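No value in this document is a laboratory result; all are computed from the given coordinates. The structure presented is a predicted model; accordingly, all values stated were derived computationally and were not measured. When we count neighbours, we look across all protein chains shown, and the Cβ atoms used for this are built from the backbone with ideal geometry, even at glycine.
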């Protein structure tokens, strides 16, 4: 149990994994079930190819003993007895058989290579599709705590490692093991003394291979961890390149990247060093085995032995040369298997991470009134221990307030957004404004209390249907690579070209789109970097309008546009929010004054609620915020009370 806990605390990129894990392999084998015919054919082809590879040296042995050394039928067994007495015909038949064996081996290798490469690509496709679908189902909190670079590594490098195991690992190991087994049997049957002499170097090779695997396993683990860090670092700094250049951090970022990159280089150099030692060592030991065969077998041939002939000696030399190749391959394939098992463990750990927010087994439908109600909502972003959760479940408001070990983002918040009303949320940075809207869409689960939509707890709604009711425009506009039309529709075929054009016209972006060479089909590069921030925001507004949501959420949505454009957007939004529930978060109080209700958040609490005029009359937090923003408009003779701006301001 303690060991499991240690493993659980390791970062994903530090998981070493076993060389072979039957549990992981059985789970991975399920991905081969749709392609079992191709897999079985490949395995049969591999076994037959291994057998055909062993035929060649034996045919050479038969030819030497039967025809070239005039050794009669010594050691030729049944093959030699079936050959014609004429040496020309016999050698031609042996050569034809050898050529046929080579062609068969070629055909079998082509079959297994093509089928397993095809199967590997299919498995990669299925696995990547499952991983991506699973990531889409994960709750937002998961992405808050997981580096994007590591998730990219799961989809790319880890899946590639599994594909390499399928295409160049498992089947090659079967090929090597079967070839070794057949060669051992043939060599023992021909001359067990020479065979044992050949195998004499195996204990040393096994020891060298063990040391090599141990060294390379640690190096490969460090290489994979370094790759994950490089992906995370690169993704983060490329996304934030503007900040890096703005604050002249290029040199420091380069140094940090160089440190991460050097970790990868050092780990890989250790791997190269291990290979540079291992391969020559095995080559020398195999040469020693061949020398022993020539020494001992040569003496036997000179002595006129009837057991060790020139053909037997030649076959043993060829088998010895081939015998140690599969051992080298097995060591390489062992590392592939090790990497694949590690990749499996990380991928299955991701797939086994259950989403914390899911649809109920039996979702319900409310009265579709668009009424939103918060009832004594407490919320924290921090993961809670089982003990904390048990305490919270039975705690009163005062007891929750007294829990200093929990950093509350919202404390005992209660309010109602009536159907068709517009509600504005204001407050200092960090007061919990955006958190309120995230909870409305159930991106996070409330820690205590309830949120109701259409008279039902959010946890009783189907997630897809729940979020279908909302359209959100955020402060930081986000566009996907594709076209402008695809960014407005986002795959919703119900949005017709006419509806899309009308939405673009309403937010004053149609003229800009029509001026583009391809209009709505104009390509948009990643994150919309070919457009200005204001243009991206206007397209986001058009997207929200085109979706015609029941509930509209604007989170500092007009902060990226100029005053003239903002006024035009406000006119469009007035038409849009008519008869529709809307929630507006803003720091500029001029944009919230017409809201039916203004909620004032302060230090996780809902401190004030009312209309613009009511809150000014209370001279509370909202009044102070208003005073700070419009102090330049304050009359020099009246410093006690600001005159509210006109409604149209």
If I take the Cα coordinates of segment 479-538 and project them onto the principal axes, what are the three extents in Å, biggest first? 27, 23, 20
Cβ density ranking, 10 Å radius, fewest first, applied to 139, 382 yields 382, 139
Translational diffusion coefficient of segment 15-351 at 37 °C, 0.692 mPa s, Stokes-Einstein with Kirkwood Rh over Cα pairs, in µm²/s as a whole number. 140 µm²/s
Structure-based [θ]222 nm, the chain - -39500 (n - 2.57) summed over DSSP H runs of at least 4, per residue, nearest 500: -19000 deg cm²/dmol
Area projected by the alpha carbon convex hull of segment 163-266, averaged over all directions, nm²: 9.3 nm²
P(r) of segment 176-226 over all Cα-Cα pairs, 10 Å bins starting at 0, rounded to whole percent, reads 22, 32, 24, 15, 6, 0
Taking the Cα centroid of segment 280-304 and of segment 385-441, what is the distance between the two, rounded to the nearest whole Å? 81 Å
Considering Cα pairs under 8 angstrom that are at least six residues apart, work out the relative contact order of the chain and quote it in whole percent. 14 percent
Restricting the calculation to Cα positions, tell me the Rg (one decimal) and the Dmax (whole number) of segment 96-224 in Å. 22.0, 69
Please report, to one decimal in angstroms, the Kirkwood hydrodynamic radius of segment 244-382 built from all distinct Cα-Cα pairs. 23.4 Å
Shape call, the chain: gyration tensor on alpha carbons, a/c limit 1.5: prolate
Mind ranking 424-433, 124-133, 455-464 by how tightly packed they are, going by the mean number of other C-beta atoms within 10 angstrom, highest first? 424-433, 455-464, 124-133
